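The values are calculated or read from the model by the stated rules, or taken from the named source; none is laboratory data. In this text, all values refer to a predicted model and were calculated from it rather than measured experimentally. Virtual Cβ from ideal backbone geometry, glycine too; neighbours counted across all protein chains shown.
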Amino acid sequence: MLTASTSIAVRFASIRTWLSWQQKLCWQVRDLVHAADADVTETIKRTKLPYFTLDGNICALLGAKDHVNIFIYDPIAPDPEGIINQGRGNSTARAIQVHESEPINKRALLKLFKAVIANNRACGWRRLQRGWSRV
């Protein structure tokens, strides 16, 4: 069985093809997702994309030519610091596009991950949006 520390390196082999700064960003995002909740799991979806899940999708990573996309799979989780810069009007996901010279706002991203996880645990953003709850 793979341990949490080695599982992403083995399963997320495609990350090794990314530029070094993109790989570093990936590990930072991974650390933040796990800091949001220790029960987060890591998986591959859509052939090679790294996903982080807990009672639903939290986020996925995609290394592009000159940036990394952090896809946030919850269009209703609050973003009071405005770190989401792509897909604000999207009905299922938004994204944070990060270029090489741009730092990530770790505090804001951690809060965002916690909000997505809370929505997932409550019943999922789709049901929350319709006013449904598990109570």
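Some observations on this one:
- Some residue of the stretch 125-135 being among the aliphatic types (A, V, I, L, M) and at pLDDT 95 or above: no
- Pairs where the first residue, in the stretch 8-35, is closer than 13 Å to residue 50 by Cα and the second is of a type in the set (S, T, N, Q) and at pLDDT below 95, C-beta under 6 Å, 6+ apart: 15/23
- Some residue of the stretch 73-80 being within 27 Å of residue 13 (Cα to Cα) and out of contact with any Phe, Trp or Tyr (no Cβ under 6 Å at 6 or more places or on another chain): yes
- Wholly within the stretch 42-123, strands (runs of 3 or more DSSP E) carrying at least 2 residues that are modelled with pLDDT under 95 and either of a type in the set (Val, Ile, Thr) or surrounded by 15 or more Cβ atoms within 10 Å (Cβ to Cβ) (or both): 49-53, 57-63
- The stretch 53-79, residues that are hydrophobic (A, V, I, L, M, F, W, C), closer than 16 Å to residue 120 by Cβ, in contact with a strand residue (DSSP E or B) (Cβ under 8 Å, 6 or more places away or on another chain) and in contact (Cβ under 8 Å) with a residue 24 or more places away in the chain: 54, 58, 59, 71, 72
- Selection from the stretch 86-100 of residues that are without any contact (Cβ under 8 Å) to a residue 40 or more places away in the chain and more than 26 Å from residue 122 (Cα to Cα): 97, 99
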